[in-house]
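For reference, the structure discussed in these notes is given below.
The values are calculated or read from the model by the stated rules, or taken from the named source; none is laboratory data. Predicted, not measured: the structure shown is a model, and the values here were computed from it. Here the Cβ is made from the backbone with ideal geometry for all residues, glycine too, and neighbour counts use every protein chain on show. With ligands, DNA and RNA removed, areas are computed over all heavy atoms of the protein, side chains included. Shrake-Rupley method; radii C 1.70, N 1.55, O 1.52, S 1.80 Å.
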Amino acid sequence: MKNKQNIILSISILVIITFSSTYNVDIIANQNYRTNPKNQFDIKPLYVQDLDRFVSLLTNLIYYTTPTVLDLNDDGILETIIIGDIPGEDGVKMFFLNKDRLASGWPITLLWDMTDIEVLGRMDLNASYPSVITRYTKTESNERITSFFAINRLREINTTFGFDLPGEYLPGTIMHDLNEDGLKEFVLIKNIVSSNSSQIYYIDHQGQNITNWPIYINDTINYIPPLAQDITGDGIAEIIVTTENGFVFAWHLNGTLVDGYPLKFPLNDDDPYEELWEMPMIGDFNNDGDLDLFIASTSGILYGLCMNPTNNLTWSRTIPLNVYFSTQGTSYDLDRDGKLEIIQLLRDGLAVYGVEGDEIVSEFYYLAGSEYIGTPAIADIDNDNYPELILLSTLRAVVLEHNGDYIYSTPISFSVSEGVSPIIYDIDNDHEIEIVTLSAHGYLTIKETNDYGIAPWISDLGSPTHGPNDDNDKDGLFNHEEILLGTDLDNNDTDGDTIIDGLEVNQYVLDPMVSDIDLDTDGDSLSNIDEVDTYLTHPLNPDTDFDSLMDGEEIFIYFTNPFSSDSDEDGIPDDYEIDHDDILDPNNPLDAYEDPDNDGLLNVHESSYGTNPTNADTDYDGLTDGEEVYRYYTNPLKNDADADIDGDGLTNVEEVDIYGTDPSSPDTDGDTFEDGVEVAANSDPLDKNSIPSYTNYSWAYSFLALVPITAIAVPIVRRRKIRKRLLEK
């Protein structure tokens, strides 16, 4: 009995489904059937059009430091180190991105007591693989200890390196070969709270104090990193420290104070709460031959002093907002006039100043939004030979022109931790730079610029020595960029091919280490130099306008516009016109409105549908292309003259030519009877009042089929209920 009931139930369901099914009409009219005879991806093997995107790291961590960019495996490609803190636990996870992908085996988990973490950079350590040097603070026996360790790209801790220093140190450690002995040293600052004093350390790569160091000063330092810069002109860097009360100290590497130091900023004596908290900016701002140092105060005043002790020139000017450690100033020649500007990030925007003699002159303000953090990034990201400014707030990145004009803003994925800066570099090794921001919860937002280059701005503190972004040989590459590339800091044309290194890297996409002046990187028959200087095409993309024609073909063979996929703007793509060059000319707009095959479709429409403009019946189904598109609603690319797209039992041709019904509607007159049913019954499918004379009640038969099923099902249910009541009794 049970099996019979299941069979009956299945039949009932099948009948109901059959009865209630609806038409699935595939209307093909007005669709674009254009098929490209060329596979455009086959001719562009070297170039992929990048899109803005984001990379999600582990989102249950907290990311509060700017990513560190370096070449850890000597392959000429920059990698990215990111630190994520494990909330509520001792330890961090360290991520290693190769291009914009997480490297195999990463992240690694370091379950140590770790706070105040700084990734300092790369050190070779005479090992098989270069290592990343990291500084952090831990607690041992109720004492604070600062520890250094090294780890390579294979996730191996280098046991030959590592040391501890007693106490806590300010952020902003310098790791650089200052004395040019082939090994890197460290410069750190420690505040001694009990005596309101500070201690400056200069130690070697093994953590040992260099002779005459550390040095004590009777002042404290708030979040101001040390700087290393040659301010005496002897070719050797000095170590420079600025205190919160406005003193500037400078020492030679042997620990002796530079003559005439310390210098003093003219702080406001009537404001006992005024202090200096940001890293100062160094440069010759008024072009008088002497270096100057500028810094903004917590009372909203921008101060400057000449670093030549024999020149007593000082500056001061009120700025719109107070400055603490969360925003940082920097300097750059924004307008390319040969003079540095002071670029001061503020919580509510940006203020840019120039220096004229003994006066600080306002150049522009951008005061919009709030909660800006870190350091402005600076790079030419639109290939106009002027730098743009990229400001980061907790929720968005804002891009300004060099004169302060707003260009655009882009949201970032979730909020950013205070102190994290935007970085601009070639994260995916496509020779085009990207704007990269890291959110507090592990989202890397990658904004494409489509401008060429490597790493115009990879550190929120500028160069590894925290000094100005020096360019010794004036080749357009900062010294720290040249170190990454391996080019000569003092020779602006390292490979001797007559193109200076900066242009090779950031404009022509050439190798500054190899004489490759005639290189054609994208294989489009145009040299990189010709593409950039003469034709303005993309040196990395053989098809700048993505029209399936290579740039060299367009310029030398077809004489079409390599920047437009429709050179004559007639609505027909260049490649289509070239594929039918017997009747079409990509430089003649008038041929778009001709119909050489007399099929009722103009050339411009043939190109839209992908039909053959020299064959009236592209699919050879007996219907002209124009009839298929405008009359029968069939596909001109498919042999479907007998198609019945609305499923009413009549072909499209029959509906149009014989009965006058709508080939896209199964019931033209809306009387609930399909057109095919009406034709078969000799009723008029165009007249709602005309129905088949022998009315087809096939639908009712389906319904009546339910009656006996119901009649069977009801007694079964009734017997079950009676039996249940008897059992209950």
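Details
- Here the condition is being in contact with a strand residue (DSSP E or B) (Cβ under 8 Å, 6 or more places away or on another chain), small (G, A, S) and open to solvent by 20 Å² or more (accessible area, probe 1.4 Å); of A127, A150, it holds for A127 alone.
- Among the residues making up segment 628-654, a single one is surrounded by 22 or more Cβ atoms within 10 Å (Cβ to Cβ), closer than 14 Å to H605 by Cα and free of Cβ contacts under 8 Å to residues at least 40 places away in the same chain: E628.
- Test: H441 is part of a helix (DSSP H, G or I) and either under 30 Å from F186 (Cα atoms) or open to solvent by 20 Å² or more (accessible area, probe 1.4 Å) (or both): no
- Given (1) at pLDDT 90 or above; (2) in contact with a Gly (Cβ under 7 Å, 6 or more places away or on another chain); (3) crowded, with 20+ Cβ neighbours inside 10 Å, number of the condition P613 does not satisfy: (2)
- Subset of segment 574-596 that is outside any helix (DSSP H, G or I) and open to solvent by less than 20 Å² (accessible area, probe 1.4 Å) - its residue that is farthest from T618 (Cα to Cα): P586
- Picking from residues in segment 162-200 that are of a type in the set (D, E, K, R) and open to solvent by 70 Å² or more (accessible area, probe 1.4 Å), the one that is farthest from S131 (Cα to Cα) is E168.
- Qualifying position, being of a type in the set (A, V, I, L, M), within 29 Å of G369 (Cα to Cα) and open to solvent by less than 10 Å² (accessible area, probe 1.4 Å), among L340, L334, L321, L305: L334
- Taking every residue in segment 339-352 that is within 17 Å of I390 (Cβ to Cβ) and pairing it with any residue that is open to solvent by less than 10 Å² (accessible area, probe 1.4 Å) and acidic (D, E), at least 6 positions away or on another chain, the pairs with Cβ-Cβ distances below 8 Å are V352/E341.
- Screening R144 with (1) touching a residue at least 24 places away in the same chain (Cβ under 8 Å); (2) open to solvent by 40 Å² or more (accessible area, probe 1.4 Å); (3) in a loop (DSSP other than H, G, I, E, B); (4) not acidic (D, E) gives one miss only, at (3).
- Across segment 414-437, the number of residues qualifying as surrounded by 19 or more Cβ atoms within 10 Å (Cβ to Cβ), among the polar types (S, T, N, Q) and assigned to a loop (DSSP other than H, G, I, E, B) comes to 1.
- Checking each residue in segment 361-381 for being in a strand (DSSP E or B), aliphatic (A, V, I, L, M) and surrounded by fewer than 21 Cβ atoms within 10 Å (Cβ to Cβ) picks out V361, L367.
- Residue match in segment 481-500 (condition: open to solvent by less than 20 Å² (accessible area, probe 1.4 Å) and within 19 Å of I282 (Cβ to Cβ)): yes
- Residue in segment 255-278 that is open to solvent by less than 40 Å² (accessible area, probe 1.4 Å) and within 13 Å of L227 (Cα to Cα) present: yes
- Residue in segment 65-84 that is in contact with a Pro (Cβ under 6 Å, 6 or more places away or on another chain), modelled with pLDDT under 95, within 28 Å of T465 (Cβ to Cβ) and among the hydroxyl-bearing types (S, T, Y) present: yes
- Residues being open to solvent by less than 10 Å² (accessible area, probe 1.4 Å) and part of a strand (DSSP E or B) - total across segment 237-250: 7
- Residue match in segment 450-466 (condition: within 24 Å of D292 (Cβ to Cβ), of a type in the set (G, A, S) and at pLDDT 90 or above): no
- Some residue of segment 452-467 being of a type in the set (S, T, Y), part of a loop (DSSP other than H, G, I, E, B) and in contact (Cβ under 8 Å) with a residue 24 or more places away in the chain: yes
- Residues located in segment 196-218, provided they are outside any loop (DSSP other than H, G, I, E, B) and either under 12 Å from L165 (Cβ atoms) or of a type in the set (A, V, I, L, M) (or both): Q199, I200, Y201, I203, N209, I215, I217
- The single condition from (1) surrounded by 19 or more Cβ atoms within 10 Å (Cβ to Cβ); (2) modelled with pLDDT under 95; (3) part of a loop (DSSP other than H, G, I, E, B) that T159 fails is (1).
- Cβ-Cβ distances below 6 Å connect the following pairs, each with a first residue in segment 47-65 that is more than 26 Å from T327 (Cβ to Cβ), a second residue that is surrounded by 14 or more Cβ atoms within 10 Å (Cβ to Cβ) and among the polar types (S, T, N, Q), and a separation of six or more residues or different chains: Y47/N541.
- Selection from segment 505-534 of residues that are polar (S, T, N, Q), at pLDDT 90 or above and either within 28 Å of the chain's Cα centre (by Cα) or buried (at least 19 other Cβ atoms within 10 Å of the Cβ) (or both): S527, N528
- Residues that are surrounded by fewer than 20 Cβ atoms within 10 Å (Cβ to Cβ) and either modelled with pLDDT of 95 or more or in contact with a Cys (Cβ under 9 Å, 6 or more places away or on another chain) (or both), drawn from segment 382-406: E401, N403, G404, D405, Y406
- Of the helices (runs of 4 or more DSSP H) that lie entirely inside segment 655-729, those containing 1 or more residues that are more than 30 Å from D642 (Cα to Cα), open to solvent by less than 40 Å² (accessible area, probe 1.4 Å) and at pLDDT below 80 span 698-704, 706-728.
- Flag for K99 being open to solvent by 20 Å² or more (accessible area, probe 1.4 Å) and modelled with pLDDT of 95 or more: no
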